[in-house]
């Protein structure tokens with residue numbers, strides 16, 4: 001079952017790399033193609049320190065390039081569908097490039113026919129790697145928080161999986177989009193980094209006021225805090241978890257129906273009627 005699902009799904013899952021002015025990769029996301037659009041996590045709206053963006057799809061080995069384009073920051077921003085309030089954490093990017101003409105689309109579950117215990121797979125790119133991975137699991141819970149509905153699933157989640165499709169293994173349809181800021185480890189890291197930054201802010205106010213044998217103890221403490229901050233970031237970047245969260249794909253389908261539905265998208269959305 002999983003091999004067949006991989007064959008069907010992997011060509012539509014993209015790696016989105018952000019590069020600095022000096023061609024250094026700053027961050028990466030996963031996304032997936034639906035019609036001439038790429039669906040991913042809305043957190044990429046917060047990325048600013050980049051010059052170019054590469055969007056790449058891979059072959060059956062999960063690594064060799066199937067198709068790719070490189071965009072300037074200006075062109076990439078122009079392609080983002082600007083309606084983040086309505087999409088609630090999901091980003092839609094127009095990618096109608098000739099290089100992607102033969103890339104298939106993933107089918108979206110417009111009926112929300114999934115439940116606790118259903119087998120799922122996620123397809124994503126780990127932050128430190130270039131290859132696409134498949135991770136099987138199950139839906140472990142469905143819950144609401146602040147009026148929003150979320151899918152909790154039990155499967156390996158790695159840094160870089162933000163924007164990955166959560167696929168029902170039995171139907172092959174996308175039921176959710178894995179969220180970057182929905183991860184508990186992301187929240188814990190954010191809180192720890194905020195605490196360290198606060199400590200640094202306080203310490204810097206007092207550096208240079210006291211010396212012991214020509215050594216400023218405050219500078220020693222500042223160096224120590226920076227080391228802890230670096231170690232915390234490295235642990236966060238390399239940590240895998242077995243619990244993930246996704247936003248139901250239904251929000252995207254509603255958005256397409258209301259705003260940008262065209263003939264190109266209809267085949268990838270199951271049973272869209274009265275359009």
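Any read-out appearing in this document is the output of simple, stated calculations on the displayed coordinates, not a laboratory observation. These figures come from a predicted structure and were not determined experimentally. Here the Cβ is made from the backbone with ideal geometry for all residues, glycine too, and neighbour counts use every protein chain on show.
Compared with the alpha-carbon gap, the fully stretched path from residue 113 to residue 46 is longer by 20.9 nm at 0.36 nm per residue. For the pair residue 144 and residue 212, label points projected 7 Å from Cα toward Cβ lie 5.7 nm apart. The convex hull built on the alpha-carbon positions of the range 89-140 has an orientation-averaged projected area of 5.8 nm². Working note: Cα atoms of the range 5-48, range along each principal axis, descending, whole Å: 37, 19, 16. Modelled spin-label separation between residue 65 and residue 221, with each label point placed 7 Å from Cα along the Cα-to-Cβ direction: 5.1 nm. Here the gap between residue 4 and residue 77, fully extended at 0.36 nm per residue and compared with their Cα-Cα distance, gives a gain of 22.8 nm.
Length available on full extension from residue 199 to residue 228: 0.36 nm per residue minus the Cα-Cα distance, which gives 9.3 nm. Taking other Cβ within 10 Å of each residue's Cβ, how do 148, 193, 107, 21 sort, fewest first? Placing the least packed residue first, the sequence is 21, 148, 193, 107.
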